[in-house]
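The values are calculated or read from the model by the stated rules, or taken from the named source; none is laboratory data. Just so we're clear, the structure is a prediction, and the values are computed from it rather than from any experiment. Neighbour counts run over all protein chains shown; Cβ positions are idealised from the backbone, glycine included.
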There are 4 protein chains.
Amino acid sequence: MPNTIGHLFRVTTFGESHGPAVGCVIDGCPSRVPLTEEIVQLELDRRRPGQSRIVTQRQEQDRVEILSGVWEGQTLGTPIAMLVRNQDTRSRDYDELRDKFRPSHADYTYQAKYGIRAWQGGGRASARETVGRVAAGAVAKHWLRLAFGIEIVAYVSSVGAIEAAVDPSTVTVPEVDENIVRCPDVAVAQKMLDLIESVRKEGDSIGGTVGCVVRGVPSGWGEPVFDKLEADLAKGLLSLPASKGFEVGSGFSGSRMLGSEHNDAFRSNGEGGVLTPTNSSGGIQGGISNGMPVLMRVAFKPVATIMREQDTVTTGHEDTTIKGRGRHDPCVLPRAVPMVEAMTALVLADHALRQMTARWGPETGPPVKEV
Amino acid sequence: MPNTIGHLFRVTTFGESHGPAVGCVIDGCPSRVPLTEEIVQLELDRRRPGQSRIVTQRQEQDRVEILSGVWEGQTLGTPIAMLVRNQDTRSRDYDELRDKFRPSHADYTYQAKYGIRAWQGGGRASARETVGRVAAGAVAKHWLRLAFGIEIVAYVSSVGAIEAAVDPSTVTVPEVDENIVRCPDVAVAQKMLDLIESVRKEGDSIGGTVGCVVRGVPSGWGEPVFDKLEADLAKGLLSLPASKGFEVGSGFSGSRMLGSEHNDAFRSNGEGGVLTPTNSSGGIQGGISNGMPVLMRVAFKPVATIMREQDTVTTGHEDTTIKGRGRHDPCVLPRAVPMVEAMTALVLADHALRQMTARWGPETGPPVKEV
Amino acid sequence: MPNTIGHLFRVTTFGESHGPAVGCVIDGCPSRVPLTEEIVQLELDRRRPGQSRIVTQRQEQDRVEILSGVWEGQTLGTPIAMLVRNQDTRSRDYDELRDKFRPSHADYTYQAKYGIRAWQGGGRASARETVGRVAAGAVAKHWLRLAFGIEIVAYVSSVGAIEAAVDPSTVTVPEVDENIVRCPDVAVAQKMLDLIESVRKEGDSIGGTVGCVVRGVPSGWGEPVFDKLEADLAKGLLSLPASKGFEVGSGFSGSRMLGSEHNDAFRSNGEGGVLTPTNSSGGIQGGISNGMPVLMRVAFKPVATIMREQDTVTTGHEDTTIKGRGRHDPCVLPRAVPMVEAMTALVLADHALRQMTARWGPETGPPVKEV
Amino acid sequence: MPNTIGHLFRVTTFGESHGPAVGCVIDGCPSRVPLTEEIVQLELDRRRPGQSRIVTQRQEQDRVEILSGVWEGQTLGTPIAMLVRNQDTRSRDYDELRDKFRPSHADYTYQAKYGIRAWQGGGRASARETVGRVAAGAVAKHWLRLAFGIEIVAYVSSVGAIEAAVDPSTVTVPEVDENIVRCPDVAVAQKMLDLIESVRKEGDSIGGTVGCVVRGVPSGWGEPVFDKLEADLAKGLLSLPASKGFEVGSGFSGSRMLGSEHNDAFRSNGEGGVLTPTNSSGGIQGGISNGMPVLMRVAFKPVATIMREQDTVTTGHEDTTIKGRGRHDPCVLPRAVPMVEAMTALVLADHALRQMTARWGPETGPPVKEV
């Protein structure tokens, strides 16, 4: 559904960038999960613009208010509605957009779809919509950690052609957040920063990739056929603004491998379970988690808003030019990190609940998770 | 939902590889679409194993029977159930699988999920499940062509490290089907064929990529936020067996570009509409089609079944080895081509119907599609 | 889904009676529908408590704020979030409820389901939840009137054993709202009022029925099989608090009739269409509207809160007694009228959109509605 | 969705009365439920026409074939597809229907909706569609009994004005099936039989009601707000052909009661739990089961096909007459009994699975069901 994701842990987001508010409703969060506004605020602060000189300087407070579903510090099992008021909407910056479509933005396509668009600042297509995702993702991430010990860590893995070396088996969120690029490879992070700075000075923008690892996913999550775990993750991550590609495990490099190189042998883990010494599968086989870390990578294109004159058309489809103005993000990657974690958490929380209903039998009682 | 895809054009598939039958039910196909079994059979024949020496030699007739929803050569608007009986199930080849998990197959994860598995030949995780997808996709593709003039063309774009040069603006299905590799770059196709042959002789397998172009999608299809057109396409394509990555438009290469290189300028098309001379966006902006060709690429890993001894564990989690036997596909790519087209068609048919309900207004009457 | 209704016109409500706010999100409302807060406020005012001496005296302002999805007086096609802050929450009245379950309320069952409950004033089970339904229903009703000329009129058809005589082919909303019982049979309305007053004085409550007619539904709405129009209406109306029964057309009285009495003969309407001189079918045949008025009736039980001592148990399951205190509704019927209209509108708006995708064919172009 | 019911235990039915087959696909049945074709066949035999002189004499074998999802006598967790071939389709009886709409049938409305209809024998609107429901319901009922000890018993509670006296706390399926009317009040059953016989001789038909009790539903099933347990049951039962009304607990009679009469006091059950000595609530409070028996009643109109001449219109909307011919059911009630049980089972199985995901908390581990 257009603005809802999830089958059991369902999240609906709402809001335009220059309307009164943005937010979300979570329906299906289990009851009795300890929850406070602070837990959500922490993730919103990571997403917030204006945190450093390399991201957009829009000053937004982004204070979240929980409107329902939480009572005396615990979830009730009822919908959790969360609200963030919009502020700092300098809409004069946008006057030109009334009559022109910005290249590689969604202005033209929204007009084509709906016959109307909120032309200031992107409206619903603005990255500001991700406030609702990150708020909901904070709840999902929190519950996954409490209930299953799951750790989700995303990080900037490349900016332009600069690639970082990151060990997904050990990387932590504090390591990622240590620098403003959110790249845990410190030496490379400085090079990325230099590149972003130089791009910004030229009024241009640059793309990159975000890696993400999830440690602690039990085996058995994900559904065969259409709702494969990697399929739902791909959908969640390609629904983020500016994303253009997704890989799980070996990804595109796997397409160049032989089966004998690619296959992940199983070995006993010495504790009654199994493991795979290699992880080309990225923790998912046949659409279902196998207990190994889930490994993903997402490609983001360069931000469409640049401070240069570009060819475009008017809303009447006549040729003209346009030039970006105001504040802009030369590189969306650092702020994409909490968004990638949020979407990953939403998909996993949904599959965690789904797996509770997969098995039954008169001899077995309620669902169990061991193989 | 596990075995259903689509919100308005909904397809449910069913069947295990070694059970009585596989098939699908389409719910939501509009009424009065001309439809016969031959239209569906044509696509099933393209998917069928045993077509050439480089794909699995399993002989399957795969004759489809339409059980409902079609009457006097037209769809009724009611569910279209389609059935293909299983045959040629040499299950003795599979006896070893009762007690061992095959590396990089779904044996272990199905057991982890359900506590039971149909261990002969992959069961529900077998590529045979795609019969239902291809049958349903044939109906979707047929309707998209009749109603909108849409052309969907997939082709093998690489095998291992061998890359083809294909022009998505002109490539046709007959060009693709002309050779058994389904690569329309004829010179490169021969090299791919040689590589696959040599891999097969060594009992190994090899991965590759499938490109796909869709020409004729009107602007306005796709939903903002979660059900972005590229997000739903990514999900559909990553739900195919053995797929590991997905790109739209510039994809991962877009992550290495500057905004000034990547942006697609708008120009008047001289007929009252617009076009973009470049197409980094791959025909989708802000999750919504812009009228330009939709461009995608999907990575497939090498087939997991190889004729070599590999380390694995027993179902009791003790170390052992296993060796593939019987028939196998050294390269899934040629047969993946109709599957990619089918999934693309299913996603587009769903969004075609969705778009019919996007707009309204007392002055406008029923939905219109012009900008 | 628990807190969402509708497949294309989807409404999610949120909020507890004693939390910060209640509200809703509409996803799927077509774009370009003229919409203002006043249109919604009008219906909320009809639902509001404290309007007359026979309904609860809680003073609530219930001012709605539209947070998103509307721009310059028109819908954008994006989610419409609406918010109503809670006020006047005298929670001391509720202290006893911490430790006791009220008879025929949802206290016990929420505790059984979730292991936690917001024990002040019913929480999510409070009739206050219907604020979100009525707000969303106002938008649906407004659009159905603008786009199709549909009129939805609900009215109190009985209180206790007192039955009104109402002509569904002519009754109007102003006639209904003329008296505080919302019964358009003026003579009977006074008797109802007297009964409610006498019940109130005894600290008791009384049930009744609400009739509802919808005029102007085109033929062809509703789906065969599970989503029959009457099935979805039944679900919508039985999801209202305190409802215990639903009838369409002849209803239970139809079960006592012969086929020769019950059948609705078709006749030409003299303008190229058809009509049925009788309407036992209640405007729906085989789950699909036939163009005649849709006729329904809903039974509501007496309000569970009464000012008398009743047997109950503690939360520890020990026998005790409880007595209602504070303000209460001796008869929910007058306030149920706008709720019944709202739920009817939500179901019809959903099916209006669904019908836009039911038909197609190369010769027919987009969906048409004529037989 | 039109032809699918359920959120977690999802059933899709397919098939026209005069096409090749009818059937269903169950998606979401837990794995490891013992299942055979015999279990399903038993319920299909109860539904089958031609069982006695008071129901239609169409001879149908209705042998079910399970196509998938079951392996070595247990469910796999994958879709269970079931097929019943159509036979005995005397379509010459139907030639007149090509050009005329039968009164109070779905001929006209299907034509209005789809612009096409399978005019022989009702097509999708035929009661034959319920084969798929009953087959799926058999699986649900079987699992509910094995896993929770739930008993579902439906029975004919009235035919025309003749009402039976049935004790829902004790009535059993064998008692119901003992006579061909399926009314467990033996004395009254004979009167019903006489009435049906006399109606049949006059070429007419007669309506009635079916009562249904469910014993053993744990407390906590059902969702607040839209998916209340009684709302989903109402939808399920009003989706049956010919149903016109639904009641839960006190139903319409509750609308004539005082709160002091209607409320169900709670009492300790002496074993740590609670009970209510009365059951006006019909086992559901606030949309959630309270552990008491669920009590329902469904009204069915008289069958529309009668052996008399009736006014109607041609497909060109001109006045004419029509007279039923061939075999017909003078009273649908006895065959409605297994259909009511099937729909009840489908709704309950869905809510059984939903409840598994309602609660969580770091201190509680997986969901528990005790209060």
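With respect to B:T305, is the statement that it is facing chain A (nearest Cβ under 8 Å) and of a type outside the set (D, E, K, R) true? For B:T305, the condition - facing chain A (nearest Cβ under 8 Å) and of a type outside the set (D, E, K, R) - is met.
Yes/no per residue for (1) hydroxyl-bearing (S, T, Y); (2) more than 23 Å from C:A349 (Cα to Cα); (3) modelled with pLDDT of 95 or more; (4) out of contact with any Leu (no Cβ under 9 Å at 6 or more places or on another chain):
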residue: C:A118; (1), (2), (3), (4): no, yes, no, no
residue: C:G123; (1), (2), (3), (4): no, yes, no, no
residue: C:R133; (1), (2), (3), (4): no, no, yes, no
residue: C:H142; (1), (2), (3), (4): no, no, yes, no
residue: C:A147; (1), (2), (3), (4): no, no, no, yes
residue: C:I152; (1), (2), (3), (4): no, no, yes, no
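The one condition from (1) crowded, with 24+ Cβ neighbours inside 10 Å; (2) among the hydroxyl-bearing types (S, T, Y); (3) at pLDDT below 95 that C:S104 does not meet is (3).
Could you check, for the range A:79-86, whether at least one of its residues is in contact with a Phe, Trp or Tyr (Cβ under 6 Å, 6 or more places away or on another chain) and under 21 Å from A:V40 (Cα atoms)?
Within the range A:79-86, the first condition is being in contact with a Phe, Trp or Tyr (Cβ under 6 Å, 6 or more places away or on another chain), and the residues that meet it are A:79, A:81.
Now drop any that are not under 21 Å from A:V40 (Cα atoms), which leaves A:79, A:81.
Taking every residue of the range A:79-86 in turn, at least one turns out to be in contact with a Phe, Trp or Tyr (Cβ under 6 Å, 6 or more places away or on another chain) and under 21 Å from A:V40 (Cα atoms).
Any residue that is within 10 Å of another protein chain (Cβ to nearest Cβ) and either touching a helix residue (DSSP H, G or I) at 6+ places or on another chain (Cβ under 8 Å) or in contact (Cβ under 8 Å) with a residue 40 or more places away in the chain (or both) - is there at least one of those in the range D:186-202? There is at least one residue in the range D:186-202 that is within 10 Å of another protein chain (Cβ to nearest Cβ) and either touching a helix residue (DSSP H, G or I) at 6+ places or on another chain (Cβ under 8 Å) or in contact (Cβ under 8 Å) with a residue 40 or more places away in the chain (or both).
Scanning the range B:310-325 for residues that are of a type outside the set (S, T, N, Q) and part of a loop (DSSP other than H, G, I, E, B), we see that the one that is modelled with the lowest pLDDT is B:R325. Against the conditions (1) farther than 30 Å from D:S289 by Cβ; (2) modelled with pLDDT under 95, C:R47 satisfies every one except (1). Taken over the range C:288-324, the residue count meeting the criterion of being within 30 Å of C:V159 (Cα to Cα) and under 28 Å from the mean Cα position of the chain (by Cα) is 18. Checking each residue in the range A:98-125 for being more than 10 Å from chain B (Cβ to nearest Cβ), outside any helix (DSSP H, G or I) and out of contact with any helix residue (DSSP H, G or I) (no Cβ under 6 Å at 6 or more places or on another chain) picks out A:D99, A:A118. In the range C:294-308, the count of residues that are farther than 25 Å from D:I284 by Cβ and surrounded by 24 or more Cβ atoms within 10 Å (Cβ to Cβ) is one or more. Can you find a residue that is free of Cβ contacts under 8 Å to residues at least 40 places away in the same chain, crowded, with 24+ Cβ neighbours inside 10 Å and within 28 Å of C:T315 (Cα to Cα) anywhere in the range D:239-248? No, the conditions are met nowhere in the range D:239-248.
Give the residues of the range A:331-349 that are at pLDDT 95 or above and facing another protein chain (nearest Cβ under 10 Å), sorted by residue number. A:L333, A:M343, A:L346 - these are the residues of the range A:331-349 that are at pLDDT 95 or above and facing another protein chain (nearest Cβ under 10 Å). Going residue by residue through the range A:108-124, is there one that turns out to be basic (K, R), in contact (Cβ under 8 Å) with a residue 24 or more places away in the chain and closer than 30 Å to A:G216 by Cα? No, every residue in the range A:108-124 fails to be basic (K, R), in contact (Cβ under 8 Å) with a residue 24 or more places away in the chain and closer than 30 Å to A:G216 by Cα. Annotation note: of B:A112, B:A136, B:A140, B:A161, the sole residue that is in contact with a Lys or Arg (Cβ under 9 Å, 6 or more places away or on another chain) and crowded, with 24+ Cβ neighbours inside 10 Å is B:A112. In the set (1) in contact (Cβ under 8 Å) with a residue 60 or more places away in the chain; (2) surrounded by 17 or more Cβ atoms within 10 Å (Cβ to Cβ); (3) among the aliphatic types (A, V, I, L, M), the condition left unmet by B:V171 is number (1).
Residue-level check: of (1) without any contact (Cβ under 8 Å) to a residue 24 or more places away in the chain; (2) out of contact with any helix residue (DSSP H, G or I) (no Cβ under 6 Å at 6 or more places or on another chain); (3) not hydrophobic (A, V, I, L, M, F, W, C), A:Q285 misses just (2).
Pull up the range B:201-228, narrow it to residues that are of a type in the set (S, T, Y) and outside any strand (DSSP E or B), then point me to the one that is surrounded by the fewest Cβ atoms within 10 Å (Cβ to Cβ).
Going residue by residue through the range B:201-228, those that are of a type in the set (S, T, Y) are B:205, B:209, B:219.
Subset that is outside any strand (DSSP E or B): B:205, B:219.
Numbers: B:S205: 29, B:S219: 23.
Filtering first and then ranking leaves B:S219.
With respect to the conditions (1) at the interface with chain A (Cβ under 7 Å from one of its Cβ atoms); (2) surrounded by 24 or more Cβ atoms within 10 Å (Cβ to Cβ); (3) not charged (D, E, K, R), B:G273 falls short on a single one, namely (2). Has the range B:148-161 got at least one residue that is among the hydrophobic types (A, V, I, L, M, F, W, C), farther than 30 Å from A:S219 by Cβ, part of a strand (DSSP E or B) and over 21 Å from the mean Cα position of the chain (by Cα)? No, every residue in the range B:148-161 fails to be among the hydrophobic types (A, V, I, L, M, F, W, C), farther than 30 Å from A:S219 by Cβ, part of a strand (DSSP E or B) and over 21 Å from the mean Cα position of the chain (by Cα).
Scanning the range A:1-42 for residues that are more than 19 Å from the chain's Cα centre (by Cα), under 18 Å from A:D62 (Cβ atoms) and not in a loop (DSSP other than H, G, I, E, B) yields A:A21, A:E37, A:E38. Take B:G137 and decide whether it is in a loop (DSSP other than H, G, I, E, B), within 14 Å of chain A (Cβ to nearest Cβ) and either touching a helix residue (DSSP H, G or I) at 6+ places or on another chain (Cβ under 7 Å) or under 22 Å from B:E38 (Cα atoms) (or both). So B:G137 fails the test. Taken as a whole, the structure leaves B:E129 outside the set of residues that are under 30 Å from A:R256 (Cα atoms) and either surrounded by fewer than 23 Cβ atoms within 10 Å (Cβ to Cβ) or more than 10 Å from every other protein chain (Cβ to nearest Cβ) (or both). Scanning the range C:229-253 for residues that are more than 7 Å from chain D (Cβ to nearest Cβ), among the hydrophobic types (A, V, I, L, M, F, W, C) and in a helix (DSSP H, G or I) yields C:L229, C:L233, C:L237.
Restricting C:G245, C:G216, C:G222, C:G211 to those that are touching a Phe, Trp or Tyr at 6+ places or on another chain (Cβ under 7 Å) and farther than 29 Å from D:E261 by Cα reduces the list to C:G216.
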